[in-house]
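Inspection log for the structure reproduced underneath, given as structure tokens.
The values are calculated or read from the model by the stated rules, or taken from the named source; none is laboratory data. Just so it is clear, the structure is predicted and the values come from calculations on it, not from any experiment. All Cβ positions, glycine included, derive from the backbone under ideal geometry; neighbour counts span all protein chains shown. Only protein heavy atoms, including side chains, enter the accessible area calculation; ligands, DNA and RNA are left aside. Shrake-Rupley method; radii C 1.70, N 1.55, O 1.52, S 1.80 Å.
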Amino acid sequence: MYEHKEIEKKWQKIWEEKNVFQTQIDKAKEKFYMLVEFPYPSGVGLHVGHARVYTASDVQARFRKAKGYNVLFPMGWDAFGAPAEQYAIKNHIHPKQAVEENIKVFKGQMQSLGLSIDWSREFSTTDPDYYKWTQWQFLKFQEAGLAYKAEKEINWCPTCKTGLSNEDAQGGVCERCGTKTTKKLKNQWMLKMSSYADKLLDGLKDTQFLDKVKNAQINWIGKSIGASVNFPIKDTEDFLEVFTTRPDTLFGVTFMVISPEHPYLKKYENQIENLEEIKADQEEAKAKTEIERTDATKEKTGIQIQGLTALHPITHKEIPIWISDYVLINYGTGAIMAVPAHDDRDYAFAKKFNIPIIEVIEGGDIQKEAYVEDGLHVNSEFLNGLNKEEAIDTMLEYLKENNLGKKTVNYRLQDWIFSRQRFWGEPIPMIHCPSCGWVPVPEKDLPVVLPDVESYEPTETGESPLANIKDWVNVPCPKCHAPAQRETDTMPNWAGSSWYWLRYTDPKNDQQLASEECLKYWGQVDLYDGGMEHATRHLLYARFWNIFLHEQGLVPYSEPFLKRISHGMILGPNGEKMSKSKGNVVNPNDMIREYGADALRTYEMFIGDYSKDAAWNENGLKGCRKFLTRVWNLQEKVIESNENTKSIENILHKTIKKVTEDIENLDYNTAVSALMILLNEMEKQPTITTKDYRILLLLLNPFAPHVTEELNERNHLGDLLCVSAWPMYEEAKMQDETYTMVVQVNGKVRGKISVLTDTKEEEMEKLAKEIPNVQNFIEGKTIVKVIVVPQKLVNIVVK
RNA sequence: GCCUGGAUGGCGAAAUUGGUAGACGCAAGGGACUUAAAAUCCCUCGGAAGUCAAAUUCCGUGCCGGUUCAAGUCCGGCUCUAGGCACCA
């Protein structure tokens, strides 16, 4: 009887006691670094979706190990940040304690899945031994001038009472709690990520990320090439600088628009005649949420600034300046030149406020809509008659020569807002001294450890809860020893996950973030599995961080991840995302208890294309359990022999090849299917040999590691499977003596015949024409052509 | 609106990159074993026509067209759908 409970417990214990999955550097072997995104240990435990991802990674790790690689397959915990803090507040416990409890649950569940993780490398981002190095690396950014403090209008979540990066506030809602975000001016630590935009783009060439992942990153970075143009402001020495991707349309400019946050509104306050009206508008813009402001479908609003007028840089005509919130302060220069004839938004704005529209490119009907296509330029002096590309080049040349502007590149990517007003994060290791300014905490004083406190709830003022802990905040300045104060903001929870894969290579090192030897040997991650939701933010932060460390000579590789794949989600049985409120949550614990981890693993690999979402179906799981039971029952047919059974030798070798290639290509579903086919064939045999059986078990082992080990042991087939080599296939044994030759007439199948594999083309054609049903279709017709594809088919074309 | 993918039986899906569409599994129906059920095993299973049963034929991979001896696969144009970006100048 196949009793999964005892078997699984037994083998998990054996693996642990023998330290089978502990990994050391072994230069004689090629390494394989399998990384899967470490989880955020929440209170609810593992999801069956987690089980899918970890199983797939485990299949990969076990397979590579059997193939002779020295495999690194580590796991840790990403445990800083809002959710742990919220959970702790709700349950009235310290976040540290909450994290410990949750980790215990997660780890227990992972162990019950039988994952071949090297647990000796485990750590949490919240361990002071770990975040010491996160802080240390922040100081490296600071030293390099890449960390700076800036008064920034930031996305503010009124519920979490914290600043959010653009990445955390996508669509104008707080990533964690879903509240609409507002704006708030705050002095924040920033990391100069934007200056790495080109490096982040170029580096993609050295990776094998999925195209959709690469594309998501390219979009996010949002590089656009254009020109900055200076428009003189009438009666001043000043200029209004704009960014445009269409300098060729410069002669079509009929107005300009600046963002409500543009500094000139303050600078020329005294000159502006309708200042009150403008100020009211500014207030309004501030009150609007990001989502309201960026709703492209809504009617444009705007006010013309009286008393402040620009001049066209070439024609010197007067151009009115408007203020409108469709122009964003954090992109380009916060000001645009508007060409209503050839831009949709400018067109809508001009129509609404009756601003003239000048056509400068032929081809459209500017009475009806803005014409954004290419065409010949008109009304454009020296650009007349040129198409878009030529006109852009000519204009850029002209602007440069006349000192009116220049070619410019702009990015959507912004600097990384690195401050959070929270308790549960890595303290930013900086001290503010009244006379020395910001002073880094000396290396010897790291880590700056979070204090043990009673209350870690956010403050009403928006200051971090740490600000209230005077003992902790007040320290002497490291430079002049005068009374000074610690930074009370903490790091975003993206910080800890921006270098964790490096730490796995050398997790206990107390001298360095990881030794050079370990970093060199384990090097880049060979395969990094994670969700599509992390394809932009986490992956960009991590790459930015790694590229920086590489430039500092701290890590040997510029790109951290060689290959990035993304997995699909497991949906509820109804095809919807699993959620408590929908009542469609499947708990992996229940499934393991009832069907066993091996069945669950096999099912989750068989469920469908790994990169795609899949709906849960318990009957499918039952089917996989049945498959394992049949593998179990097959032992009754096993006879002792060092040979393969002749009648299944062919399919055996084909299956080895198929499973090997499928696992390499992450086609887990077809690998399982190939094993089912092999089992079907084996069951048809009166007996199978011990050699046959061991091959089946070896191939199945990555998917169902416990039951295969048990069967291997019970039938005395050889060494533990988890330390045995992957079986090899021989092409010679895969050759078929015959094959089914397909015969078509005019491309339609009219007959099939079994022929010898080495049948010559002429013979194939002759045999094809002899098939009675084929004759029915060619009789009385003229044969125009005969196509013969050796070892496949014959197609007779008749008229 | 722009950038990626995807669409195949009742369901999850396969298909060597142009060569037998639907492997494998689930569900369903029929049968065996059993006092019975569960478990297990065997058979059928895209639709239609045809037949005692077959053979066989026609239709069929989101829609319309094209290339080719041959198209789920390639090309052009749509529709729907998932994900990413989005008043980004």
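For the stretch A:120-139, the set of residues classified as β-branched (Val, Ile, Thr) and closer than 15 Å to A:Ile103 by Cβ consists of A:Thr125, A:Thr126, listed by residue number.
Yes/no matrix, rows are residues, columns are (1) modelled with pLDDT under 90; (2) on the phi > 0 side of the Ramachandran plot; (3) in a strand (DSSP E or B); (4) open to solvent by 70 Å² or more (accessible area, probe 1.4 Å):
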| site | (1), (2), (3), (4) |
| --- | --- |
| A:Val743 | no, no, yes, no |
| A:Arg750 | no, no, yes, no |
| A:Ser754 | yes, no, yes, yes |
| A:Asp758 | yes, no, no, yes |
| A:Glu763 | no, no, no, yes |
| A:Lys769 | no, no, no, no |
| A:Lys781 | yes, no, no, yes |
| A:Val786 | no, no, yes, no |
| A:Val794 | no, no, yes, no |
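Figure legend. Inter-residue proximity from the stretch A:178-190: first residues polar (S, T, N, Q) and open to solvent by 60 Å² or more (accessible area, probe 1.4 Å), second residues assigned to a strand (DSSP E or B) and modelled with pLDDT under 85, beta-carbon distance below 9 Å, spacing 6+ or different chains. Indicated pairs: A:Asn187/A:Glu151; A:Asn187/A:Lys152. Among the residues of the stretch A:376-399, the one identified as within 19 Å of A:Gly226 (Cβ to Cβ), part of a loop (DSSP other than H, G, I, E, B) and in contact with a strand residue (DSSP E or B) (Cβ under 7 Å, 6 or more places away or on another chain) is A:Leu386.
With the structure loaded, tell me whether A:Trp522 is buried (at least 19 other Cβ atoms within 10 Å of the Cβ), touching a strand residue (DSSP E or B) at 6+ places or on another chain (Cβ under 8 Å) and within 25 Å of A:Tyr610 (Cα to Cα) or whether it fails that test. Criteria not met by A:Trp522. When the stretch A:223-260 is filtered for residues that are assigned to a loop (DSSP other than H, G, I, E, B) and away from RNA strand B (no atom under 13 Å from the Cβ), the ones remaining, listed by number, are A:Lys234, A:Asp235, A:Thr236, A:Glu237, A:Asp238, A:Thr254. Consider the stretch A:412-462 and keep the residues that are outside any loop (DSSP other than H, G, I, E, B) and without any contact (Cβ under 8 Å) to a residue 12 or more places away in the chain. The one that is least open to solvent (accessible area, probe 1.4 Å) is A:Gly437.
Of the helices (runs of 4 or more DSSP H) lying entirely inside the stretch A:1-112, those containing at least 1 residues that are touching a strand residue (DSSP E or B) at 6+ places or on another chain (Cβ under 6 Å) and of a type in the set (Val, Ile, Thr) are A:48-66, A:95-112. Scanning the stretch A:204-218 for residues that are open to solvent by 10 Å² or more (accessible area, probe 1.4 Å), in contact (Cβ under 8 Å) with a residue 12 or more places away in the chain and within 10 Å of RNA strand B (Cβ to nearest atom) gives A:Leu210, A:Lys212, A:Ala216, A:Ile218. For the stretch A:614-635, filtering for residues that are surrounded by fewer than 19 Cβ atoms within 10 Å (Cβ to Cβ), of a type outside the set (Gly, Ala, Ser) and within 7 Å of RNA strand B (Cβ to nearest atom) leaves 6.
One residue alone among A:Asp590, A:Asp598, A:Asp609 is more than 24 Å from A:Ile677 (Cβ to Cβ) and of a type in the set (Asp, Glu), and that residue is A:Asp590. Within the stretch A:636-655, how many residues are over 39 Å from the mean Cα position of the chain (by Cα), of a type in the set (D, E, K, R) and open to solvent by 70 Å² or more (accessible area, probe 1.4 Å)? So the answer is 4. The requirement of being more than 12 Å from RNA strand B (Cβ to nearest atom) and polar (S, T, N, Q) is not satisfied by A:Asn665.
For every residue, the table says whether it meets (1) outside any loop (DSSP other than H, G, I, E, B); (2) open to solvent by 50 Å² or more (accessible area, probe 1.4 Å).
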site	(1), (2)
A:His262	no, no
A:Gln282	yes, yes
A:His316	no, yes
A:Thr333	no, no
A:Ala348	yes, no
A:Asp365	no, yes
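Across the stretch A:590-613, which residue is farthest from A:Lys5 (Cα to Cα) among those that are away from RNA strand B (no atom under 13 Å from the Cβ) and surrounded by 15 or more Cβ atoms within 10 Å (Cβ to Cβ)? Here the answer is A:Arg601.
Just a yes or no: is a residue in the stretch A:712-729 farther than 29 Å from A:Ala61 by Cβ and either open to solvent by less than 30 Å² (accessible area, probe 1.4 Å) or not acidic (Asp, Glu) (or both)? For the stretch A:712-729, residues farther than 29 Å from A:Ala61 by Cβ and either open to solvent by less than 30 Å² (accessible area, probe 1.4 Å) or not acidic (Asp, Glu) (or both): absent. Among residues of the stretch A:318-331 being under 26 Å from A:Glu369 (Cα atoms) and either assigned to a helix (DSSP H, G or I) or open to solvent by 30 Å² or more (accessible area, probe 1.4 Å) (or both), the one that is farthest from RNA strand B (Cβ to nearest atom) is A:Glu318.
One residue stands out among those in the stretch A:350-363 that are open to solvent by 60 Å² or more (accessible area, probe 1.4 Å) and in contact (Cβ under 8 Å) with a residue 12 or more places away in the chain: the one that is farthest from RNA strand B (Cβ to nearest atom), which is A:Glu362. Every test in (1) in contact with a Lys or Arg (Cβ under 9 Å, 6 or more places away or on another chain); (2) among the basic types (Lys, Arg); (3) open to solvent by 10 Å² or more (accessible area, probe 1.4 Å) is passed by A:Arg543 save one, and that test is (3). The set of residues from the stretch A:224-260 being crowded, with 16+ Cβ neighbours inside 10 Å and β-branched (Val, Ile, Thr) comprises A:Val229, A:Ile233, A:Val242, A:Thr244, A:Thr249, A:Val253, A:Thr254, A:Val257, A:Ile258.
Which condition number does A:Tyr148 fail, the rest of (1) in a helix (DSSP H, G or I); (2) farther than 19 Å from A:Val20 by Cα; (3) not β-branched (Val, Ile, Thr) being met? Exception for A:Tyr148: condition (1).
Only one entry in A:Leu767, A:Leu793 is more than 11 Å from RNA strand B (Cβ to nearest atom) and closer than 30 Å to A:Ile648 by Cβ, namely A:Leu767.
Scanning the stretch A:704-740 for residues that are within 15 Å of RNA strand B (Cβ to nearest atom) and either farther than 15 Å from A:Lys658 by Cα or not in a loop (DSSP other than H, G, I, E, B) (or both) returns A:Ala704, A:Val707, A:Glu731, A:Met734, A:Asp736, A:Glu737, A:Thr738, A:Tyr739, A:Thr740. Could you list, in sequence order, all residues of the stretch A:373-384 that are surrounded by fewer than 14 Cβ atoms within 10 Å (Cβ to Cβ) and touching a residue at least 24 places away in the same chain (Cβ under 8 Å)? Scanning the stretch A:373-384 gives a single hit, A:Glu381.
Across the stretch A:469-487, the qualifying residues are those that are free of Cβ contacts under 8 Å to residues at least 40 places away in the same chain and buried (at least 16 other Cβ atoms within 10 Å of the Cβ), and the one among them that is farthest from A:Cys433 (Cα to Cα) is A:Ile469. Considering only residues that are assigned to a strand (DSSP E or B) and either under 24 Å from A:Tyr264 (Cα atoms) or within 16 Å of RNA strand B (Cβ to nearest atom) (or both), which ones fall in the stretch A:186-203? A:Lys186, A:Asn187, A:Gln188 - these are the residues of the stretch A:186-203 that are assigned to a strand (DSSP E or B) and either under 24 Å from A:Tyr264 (Cα atoms) or within 16 Å of RNA strand B (Cβ to nearest atom) (or both).
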